[in-house]
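What follows is a set of notes on a single structure, which appears directly below.
Where a number appears in this text, it was derived from the coordinates with a stated rule and is not lab data. This one's a predicted model, so the numbers in the text were calculated from it and none came from an experiment. Quick reminder, even Gly has a Cβ in these numbers, built from the backbone with ideal geometry, and neighbours come from all protein chains shown.
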Amino acid sequence: MKKLNRRAVIKAVAVSSVAVPVASSLTGCVTDGVKSQTEANPAGSNIRVVVIGGGFGGTSCAKYLKRFDGNIEVTLVEPKKTYMTCPGSNWYLAGLTDAKSITHDYTSLSDIHGVNVVHQRVSNIDAAAKSVSLEDGTILGYDRLVVSPGIDFKYEMIEGYSEADVDKIPHAYQAGPQTELLYKQIREMKQGGTFVIAPPPNPFRCPPGPYERVSMIADYFKKNNPTAKIIVLDSKNKFSKQKLFQEGWDALYGDMIEWIPAIDGGVVTKVDVATKTVYSEYETIKADVINLIPPQKAGKLAFDAGLTKGDWCPINQETFESTIHRGIYVIGDSSIAGKMPKSGHSAASQGKMCAAAMVSDIHNWAQPRPKNVNTCYSLVGSDYGISVAAVYELHDGVIGKVKGAGGVSPMGADDAFRKMESNYARGWYKSITADIWHS
Amino acid sequence: MKKFQKLIIVGAMFALPSVSYSVGISNAELSATTCFMCHGPEGKYVGGTIPPLAGYPESVMVTQLKAIKSGARKSTVMQRHIKGYSDAEIEELAKYFSSLKP
């Protein structure tokens with residue numbers, strides 16, 4: 001990290017000079033240094049972009065910045081060396097995939113694309129000085145900054161629950177150790193036990209996520225704990241792909257799943273962590289395993305950097321540049337991106353749009369006006385897939401849905417259709433993760 | 001100096017993607033990058049279950065996408081997607097994908 005520190009200082013000094021001094025002994029930086037001297041694409045030379053957050057949004061943005069202009073010096077800051085994705089993590093809970101298949105690293109990003117990948121935690125963003133401080137003391141100067149910090153939780157909204165309790169009652173809504181914990185708890189649950197899941201109020205990451213989780217845990221129980229009960233205490237009165245999920249639940253899991261909407265008292269107001277008791281207007285339930293997904297807000301970093309208004313980050317929806325701090329772009333779950341849902345697919349899509357907008361701006365090219373998409377597959381059972389899709393475009397500065405396009409899978413489709421979409425769900429995962437982490 | 005430049009070019013060949021962009025990023029190219037998320041990066045096959053699109057014959061893709069859009073050709077999710085694109089956009093997308101190496 002000291003090396004980077006020195007390099008950052010060199011670059012900071014040499015901001016305006018055309019030929020950046022190359023510290024050729026620095027492994028991992030050599031290709032970048034060479035590229036910044038090639039002048040094949042002068043506008044991008046010496047431009048330093050720091051991307052914070054190695055999820056679907058940040059990693060995609062870092063890769064596509066390089067794809068659109070290899071001369072831009074891109075640094076990705078992500079504390080984790082490997083990244084378990086939320087998409088696919090419900091399949092893992094069911095035992096339909098393994099942890100390795102949904103865990104990715106950053107070697108392709110550095111080796112193929114020449115992105116400097118720094119595994120450190122950010123301690124401060126100084127928007128005025130255009131620098132990012134890392135916990136090891138490194139200071140990274142930037143010309144433009146992209147932040148893709150995902151979500152954080154409003155634990156305080158549920159009485160009796162706090163961040164310290166997540167090792168007993170997991171949210172499992174940031175994949176990794178939390179996913180492993182829920183995986184273990186499900187498997188250790190007594191026969192005929194009660195699993196309570198409490199999905200959050202809108203807006204939140206991956207709208208169908210909690211309901212795919214219900215499905216996948218039901219799939220596990222059906223095979224391994226057939227008398228188990230799943231109670232969904234919901235903060236909402238309706239949810240994404242609701243009719244399709246419920247059609248699938250009826251077909252595959254009979255009366256194992258009970259969904260209590262807010263209107264029937266489903267909102268969880270309090271938990272007793274020690275006794276695993278959940279309080280709602282509907283009833284007080286002594287559960288065996290609880291998956292509490294708290295209300296959400298932008299990632300902590302977004303708040304620390306002063307990029308939020310309310311719970312989320314306002315942006316120029318054409319470029320993803322913050323409307324609060326010029327030169328800082330916010331993508332993914334933290335951003336207010338019009339009608340786009342908070343999803344990995346949206347974030348990756350936004351990473352590309354943001355990269356293209358930034359590169360076009362740097363080169364004084366016309367801003368592209370592309371169509372943008374979200375595709376979201378959910379598995380209701382191993383061979384039972386459903387989807388929702390939408391196409392987006394900018395209307396009067398707001399990302400809106402293209403009318404006539406998009407929508408959910410048909411109701412009442414035959415087994416072959418559901419099976420095909422379950423295959424496509426897996427194909428989607430393979431392709432999107434290859435696009436972001438492996439190519 | 002020349003020698004140095006040559007070295008730089010060799011370095012750049014290893015480091016840069018083999019695609020070059022001279023006049024900016026077209027709407028078709030940028031929209032196509034969103035297709036990559038299901039159909040494989042740069043339209044290439046990566047072992048999934050969704051057909052790769054790199055090098056897809058342009059006229060075949062145009063015909064198929066228009067048929068999917070009208071409903072004449074059955075699909076699962078593709079009709080929901082392609083209804084969001086004009087015929088001109090479909091033609092541009094097909095042209096772009098046909099230019100990619102499989």
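Couple of notes before you dig in:
- Using only side-chain charges placed at the Cβ, +1 for Lys and Arg and -1 for Asp and Glu, the dipole size of the stretch A:159-295 relative to its Cα centre rounds to 280 debye.
- Note on chain A: with charges restricted to the Cβ of Lys and Arg (+1) and Asp and Glu (-1), its dipole about the Cα centre is near 780 debye.
- Length gained on full extension, A:K339 to A:Q242, computed as 0.36 nm times the residue gap minus the Cα-Cα distance: 33.1 nm.
- Averaged over peptide A:361-370, the number of partner chain Cβ atoms lying within 10 Å of each residue's Cβ comes to 4.
- Longest to shortest principal axis, alpha-carbon extents of chain A, angstrom: 69, 47, 38
- Inter-label distance, nm, simple model (7 Å from Cα along the C-beta direction), A:D136/A:D105: 1.6 nm
- Sparsely packed loop sites in the stretch A:68-126 (the trypsin sites (Lys or Arg not before Pro) outside DSSP H, G, I, E and B with at most 11 other Cβ atoms within 10 Å) comprise A:K81.
- Amide H contacts of A:V51 (H built 1.01 Å from N, in plane; Pro and chain starts excluded): A:T75, A:L76, A:V77, A:V146 sit under 5 Å, all sequence-distant by 5 or more or on other chains.
- Restricting the stretch A:208-275 to trypsin sites (Lys or Arg not before Pro) that sit in a DSSP loop and have at most 13 other Cβ atoms within 10 Å of their own Cβ leaves A:K238.
- Taking A:D165, A:D234, A:D304 and counting other C-beta atoms within 10 Å, the order from fewest to most: A:D304, A:D165, A:D234
- A simple rule links phi to the HN-Hα coupling: the Karplus curve 6.51 cos²θ - 1.76 cosθ + 1.60 with θ = phi - 60°, which for the stretch A:403-420 gives 5, x, 9, x, x, 9, 4, x, 6, x, 5, 7, 4, 5, 5, 4, 5, 4 Hz, with x for Gly and Pro.
- FRET efficiency, A:D272 to B:S59 (Cβ-Cβ, R0 56 Å, nearest 0.05): 0.25
- Using a cutoff of 8 angstrom between alpha carbon atoms and counting only pairs six or more residues apart, the relative contact order for chain A works out to 17 percent.
- Relative contact order computed over the stretch A:159-295 (Cα-Cα under 8 Å; 6+ residues apart), in percent: 34 percent
- With the helix formula -39500 (n - 2.57) applied to DSSP H stretches of n ≥ 4, chain A reaches a computed 222 nm mean residue ellipticity of -9500 deg cm²/dmol.
- Every Cα-Cα pair of the stretch B:26-98 was included, and the share exceeding 20 Å stands at 21 percent.
- Dipole orientation for the stretch A:217-367: of the candidates A:P226, A:G338, A:Q296, A:G338 has the Cα lying most toward the positive pole (charges on Cβ; Lys, Arg +1; Asp, Glu -1).
- Zero-based 10 Å bins, Cα pair distances in the stretch A:159-295, whole percents: 12, 47, 37, 3
- Panel order for A:L76, A:L134, by other beta carbons found within 10 Å of each beta carbon, from fewest to most: A:L134, A:L76.
- Theoretical FRET efficiency, 1/(1+(r/R0)^6), r = Cβ-Cβ of A:R326 and A:K81, R0 41 Å, to 0.05: 0.80
- Additional length obtainable on full extension of the chain from A:Y155 to A:K223, 0.36 nm per residue less Cα span: 21.1 nm
- Whole-number percent relative contact order across the stretch A:47-144, with pairs defined as alpha carbons under 8 Å at least 6 apart: 30 percent
- Cβ-based charge dipole, the protein assembly as shown, positive-most Cα from A:P368, A:N237, A:G95: A:P368
- Which listed pairs, of A:K403/B:K95; A:K339/B:K66; A:K241/B:K101; A:K241/A:K297, have C-alpha distances above 31 Å, in listed order: A:K241/B:K101
- Electrostatic dipole magnitude of the stretch B:26-98 [Cβ: Lys, Arg +1; Asp, Glu -1; Cα centre; debye, to 20]: 400 debye
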